[in-house]
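Reviewing the structure listed below.
The values are calculated or read from the model by the stated rules, or taken from the named source; none is laboratory data. Keep in mind it's a predicted model, so treat the numbers as computed, not measured. Every residue, glycine among them, receives a Cβ derived from its backbone with ideal geometry; neighbour counts consider all protein chains shown. Each accessible area value is taken on the protein alone, full model and side chains, heavy atoms only, with ligands, DNA and RNA left out. Shrake-Rupley method; radii C 1.70, N 1.55, O 1.52, S 1.80 Å.
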Amino acid sequence: MPLGLRKKKNKSKESSNLVENEELGGHAGGSSVKSPVNGAGLPPPPANLRPKLVFHTQLAHGSPTGRIEGFTNVKELYGKIANTFDLSPPEILFCTLNTHKIDMEKLLGGQIGLEDFIFAHIKGLKKEVEVFKSEEALGLTITDNGAGYAFIKRIKEGSVVDAVKVIGAGDHIECINGQNIVGTRHYEVARMLKELPKDHKFTLKLVEPMKAFDMLEPRSKGAKTASENKIGTGRGTLRLRSKGTATVEEMPTEFEEKAVKKVDDLLESYMGIRDTELAATMVEVGRDKQNPDEFAMALDEALGDFAFPDEFVFDVWGAIGDAKQGRF
């Protein structure tokens, strides 16, 4: 996403989106949610046809609680959050569900529970680092926020990047060797990093999520914050899709959860990326296919913007089959 500057907004308009009597800067746990979503390239449905589902949200580093509704895709979701807190949408790096912490296992992805609470992580410190690529593999797993920002999800212990302590999980990769990569999909960023020559230095420009002082050590001894109490227990979920309208569905079945996790693991193994939405789409595409060739053709039709290796497609097909048979 392009860089954004803060915009001044009418204070009365802002306050109408905030929940009254919430403690400023608190991290309260949350409540109802959701609204259907259209994928890229499809016009949103008329406002009067959108379900009146409501999210509760806060800025992860501390803010009042806001209410958002009426969005149809991830970009609109960020826009609603930005409008509530008087931000420009490009200031939002990513969102986590039910925790204000930079927890890469709690990222907002392809599904949001109807009682999940959204925490938005915004741009913080900018930094430029030089890395010597002493090994072919850097030890990075890349993901993206669904709206143009690729960022680091995981750093392998003992890897090349692990030795560069200024680089952390959650850091947005803005430039590689001076080339701006905002708007580039995460699998392309992973490919660019993989293709950097070994035994050479390269430069990264990074933007880390803004942190509050109380995120640096435990918030209190023995007590949990409201956001860490039991929330998100509703059985409904909003399924976000890259293409087509989002739908409110039952929580994922055991088959779906296991299959999506396995496919997401395969994405990381083959391409150095994590993307639960992409994994869920692959599982959905492969659910009723009869053989690998039929599955591969359906994947090409659904995800024509990226050519997956044949070996990867075959392994995904096998993982979906294993999940159907309950073999993992």
>> Within 10 Å of each candidate Cβ there may be at most 12 other Cβ atoms; applying that plus a DSSP loop requirement, which chymotrypsin sites (Phe, Trp or Tyr not before Pro) in region 74-131 survive?
In response: none
>> In Å², and per residue, what accessible area does region 85-149 have when probed at 1.4 Å with the other protein chains present?
In response: 33 Å²
> In whole Å, how far is the Cα centre of region 109-175 from that of region 71-88?
Replying inline: 22 Å
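Which sequence of ARG154, ARG274 reflects their accessible areas, 1.4 Å probe, from the largest down?
Details: ARG154 80, ARG274 20 Å².
Highest to lowest solvent-accessible surface, that is ARG154, ARG274.
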> Give or take rounding to whole Å, what are the principal axis extents of the alpha carbon atoms in region 87-175, in descending order?
Replying inline: 45, 26, 20
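Using the alpha carbons of region 52-96, what is the convex hull volume per residue in cubic angstrom, as a whole number?
Cα-based convex hull of region 52-96, divided per residue, equals 72 Å³.
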> When the Kirkwood radius is taken over all Cα pairs of region 269-317, what Stokes-Einstein diffusion coefficient follows at 25 °C and 0.890 mPa s, in µm²/s?
Replying inline: 223 µm²/s
>> Between GLN290 and PHE312, what is the label-point separation in nm under the 7 Å Cα-to-beta-carbon projection?
In response: 2.8 nm
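If the limit is 28 Å between Cα atoms, which of LYS127/LYS198; LYS156/LYS201; LYS198/LYS258; LYS123/LYS258; LYS127/LYS201; LYS101/LYS324 go over it? Provide the component values of the computation, followed by the final result.
Numbers: LYS127/LYS198 23 Å; LYS156/LYS201 19 Å; LYS198/LYS258 36 Å; LYS123/LYS258 33 Å; LYS127/LYS201 16 Å; LYS101/LYS324 34 Å.
Distance filter (> 28 Å) returns LYS198/LYS258; LYS123/LYS258; LYS101/LYS324.
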> Once you charge only the Cβ atoms, +1 for Lys and Arg and -1 for Asp and Glu, what is the size of the charge dipole of region 59-161 about its Cα centre, to the nearest 20 debye?
Replying inline: 120 debye
